[in-house]
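K.L.:
Got a structure here, written out as structure tokens. Questions coming.
The values are calculated or read from the model by the stated rules, or taken from the named source; none is laboratory data. Predicted model only: the values in this text are computed from it and were never measured. Here the Cβ positions follow ideal geometry from the backbone for every residue, glycine too, while neighbour counts run over all protein chains shown. SASA here: full protein model, heavy atoms, side chains in, ligands and nucleic acids out. Shrake-Rupley method; radii C 1.70, N 1.55, O 1.52, S 1.80 Å.
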Amino acid sequence: MVVFLQGPARDPGFPNLVILFIFGGMKRNRLSFMNKVLQSSPAVKQPKLGCHSSLSQTHMRAALLDWGNLPHHVVLRIFQYLPLIDRARASSVCRRWNEVFHIPDLWRKFEFELNQSATSYFNSTHPDLIQQIIKKHAAHLQYVSFKVDSSTESAEAACGILSQLVNCSIQTLGLISTAKPSFLNMSKSHFVSALTVLFVNSKSLSSIKIEDTPVDDPSLSILVANNSGTLRRLKMSSCPHVSSNGILCVADHCQGLRELALNYYMLSDKLLLALSNETHVNLEHLRIDVVSENAGQIEFHSIKRQSWDALIKHSPGVNVVMYFFLYEEEMETFFKEETPVTHLYFGRSVSKEILGRLGLNCPRLTELVVCANGIQVIDTELICIAEHCKNLTALGLSECEVSCSAFIEFVRLCGRKLTHLSIMEEVLIPDDVYSLDEIHTEVSKYLGRIWFPDVMPLW
């Protein structure tokens with residue numbers, strides 16, 4: 001591993017020195033190459049000739065080559081650029097570097113990677129290192145994440161570590177499943193017990209990502225009881241054991257909450273009103289995943305316009321992000337009244353009727369992605385969106401059909417504020433006015449930059 005650190009050092013003994021470290025095989029008696037680097041480096045100021053100057057130069061170079069005497073802050077800065085495995089190797093060079101290896105600043109942020117070697121290509125955090133962190137550095141941890149594969153064993157191992165973090169002051173926690181949600185397959189009581197240990201012992205949690213986990217209402221109550229004054233971000237989509245009352249408890253007591261991610265079934269008029277309370281800080285980001293909670297579910301509850309209005313009045317700059325993973329027949333409830341959504345993503349086919357409602361009832365819309373619409377042309381709907389959604393800056397279309405003329409009119413209406421435009425080539429239907437060969441020229445003219453439709457690569 002080679003690391004370059006350039007710039008004015010804070011220690012006067014290292015003026016503008018370019019330091020080169022080679023880890024893995026470097027010994028203190030193998031520095032002839034480093035001698036040449038230091039002797040030829042223009043960054044080292046050459047003293048004037050003379051007995052005293054020559055002596056000073058000799059002492060300075062001797063000090064520079066004594067790696068064990070590098071100031072702690074210099075070694076610490078370099079260690080911060082190194083992966084953990086190289087940092088550990090470097091710590092065995094000398095006692096002084098080993099001391100730096102255990103400085104708390106290096107252990108404030110850590111990601112535990114837990115995988116089963118038989119089913120995963122990724123490396124796991126070594127068990128010995130995990131135990132060392134728990135014994136020596138648990139009190140220093142502040143930003144912690146657990147990345148697990150699809151196995152239940154990895155999720156249980158993560159909870160085993162969580163339950164041992166009793167002397168810590170963690171501020172950020174992330175539980176990440178790299179494949180299917182493995183936390184949901186483990187024992188709910190085991191997961192809740194481990195998470196509760198952290199909620200009770202960490203009194204300064206500010207950001208929590210616990211999506212696709214069996215967290216429940218009682219554990220959220222414990223979170224609120226111990227961290228209500230510090231919680232700022234909470235991401236908990238796809239948590240089937242949390243009710244609308246559970247998330248309402250968080251909103252009522254955590255007045256500093258600025259970002260919230262949840263499933264649509266947790267969203268309620270009471271929740272929006274709680275987030276709009278005058279004692280609550282302005283909400284900055286609200287993400288809502290709209291999915292069917294039960295097989296065959298068609299009807300969804302609706303949110304009153306007055307509740308949305310109260311939220312926007314209290315937090316006028318909030319981003320309301322909605323992800324839809326519904327079939328066409330399941331979306332009848334939505335967008336019948338004005339909805340303050342800003343970012344809208346349709347992961348499945350969406351009907352012309354719903355797209356038509358967007359232009360009429362989503363005036364705050366800034367980003368729209370439609371993954372599929374079927375074989376119905378959506379010219380009228382797209383132009384309606386351009387005419388009424390004055391803040392629209394990004395559009396993505398795939399598996400839809402739009403005539404070239406209508407698409408050019410859409411771009412003309414939006415103009416240069418349309419900074420992101422991702423349209424698959426097969427979406428555009430040539431007509432009597434424009435062909436596919438001509439469309440990029442017209443679109444580029446209105447955007448003020450070169451634009452081409454996206455093309456599916458042929459493997």
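K.L.:
Given a Förster distance of 30 angstrom, what is the FRET efficiency for S302 paired with I176, based on the Cβ-Cβ distance and rounded to 0.05?
P.N.:
According to the calculation, E is roughly 0.35.
K.L.:
Can you give me the distance in nm between label points at T333 and R95, each placed 7 Å from the Cα along the Cα-to-Cβ direction?
P.N.:
For T333 paired with R95, the spin-label model returns 6.8 nm.
K.L.:
Tell me which residues come under 5 Å, amide H to amide H, from L326 once H is placed; ignore anything under 5 positions away on its chain.
P.N.:
Long-range HN contacts for L326: G347, R348.
K.L.:
Semi-axes of the equivalent ellipsoid of the range 272-375: what are they in whole Å, largest first, if each equals the square root of 5 times a C-alpha gyration tensor eigenvalue?
P.N.:
Ellipsoid half-lengths, sorted descending, are 25, 15, 12 Å.
K.L.:
If amide H atoms are built 1.01 Å from N in the plane of the peptide, which residues on other chains or at least 5 residues away come under 5 Å of the amide H of L368?
P.N.:
L344, A394, L395, G396
K.L.:
Compute the length gained on full extension between K313 and V455: take 0.36 nm times their separation in residues and subtract their Cα-Cα distance, giving the result in nm to one decimal.
P.N.:
Gain on stretching K313 to V455: 46.9 nm.
K.L.:
OK, next. Kirkwood Rh over Cα pairs of the range 183-323 into Stokes-Einstein at 20 °C, 1.002 mPa s: D in µm²/s?
P.N.:
Diffusion coefficient, whole number: 139 µm²/s.
K.L.:
Could I ask something else about it? Round to a whole angstrom and tell me the spacing of the C-alpha centers of the range 73-107 and the range 370-425.
P.N.:
For the range 73-107 versus the range 370-425, the Cα centre distance is 53 Å.
K.L.:
What residues qualify as long-range amide H neighbours of W451, i.e. H under 5 Å apart, gap of 5 or more or another chain, H built at 1.01 Å from N?
P.N.:
Here the answer is S444, since their amide H atoms fall under 5 Å of that of W451.
K.L.:
Provide the per-residue ³J(HN,Hα) series for the range 282-292, in order, calculated from phi with Karplus coefficients 6.51, -1.76, 1.60 and θ = phi - 60°, each as a whole number of Hz, with x at glycine and proline positions.
P.N.:
5, 6, 9, 8, 10, 9, 10, 9, 9, 9, 6
K.L.:
Starting from a Cα-only point model with no solvent, please compute log10 I(q)/I(0) by Debye for the range 74-198 at q = 0.23 1/Å.
P.N.:
Taking Cα atoms of the range 74-198 as identical point scatterers yields -1.37.
K.L.:
Within the range 400-459, report the trypsin sites (Lys or Arg not before Pro) that DSSP leaves as loop and that have at most 15 other Cβ atoms within 10 Å.
P.N.:
Those satisfying the criteria are R449.
K.L.:
Would you kindly calculate the mean projected area, averaged across all directions, of the convex hull enclosing the Cα atoms of the range 313-459, in square nanometres?
P.N.:
Averaged projected hull area, Cα only: 9.5 nm².
K.L.:
Using R₀ = 35 Å, calculate the FRET efficiency as 1/(1 + (r/R₀)^6) where r is the Cβ-Cβ separation of S435 and E284; round to 0.05.
P.N.:
With R0 = 35 Å, the Cβ-Cβ based efficiency is 0.20.
K.L.:
Roughly speaking, to the nearest percent, how much of the range 74-198's 1.4 Å accessible area is carbon and sulfur?
P.N.:
50 percent
K.L.:
Give the residue list of GluC sites (Glu not before Pro) in the range 189-293 that are DSSP loop and have at most 11 other beta-carbon atoms within 10 angstrom.
P.N.:
E278, E293
K.L.:
Among the trypsin sites (Lys or Arg not before Pro) within the range 198-233, which fall in a DSSP loop and have no more than 14 other Cβ atoms within 10 Å of their own Cβ?
P.N.:
Here the sparse-neighbourhood loop sites are K203.
K.L.:
Between beta-carbons, use under 12 Å as the cut-off and find the net charge around H102, counting Lys and Arg +1, Asp and Glu -1.
P.N.:
+3
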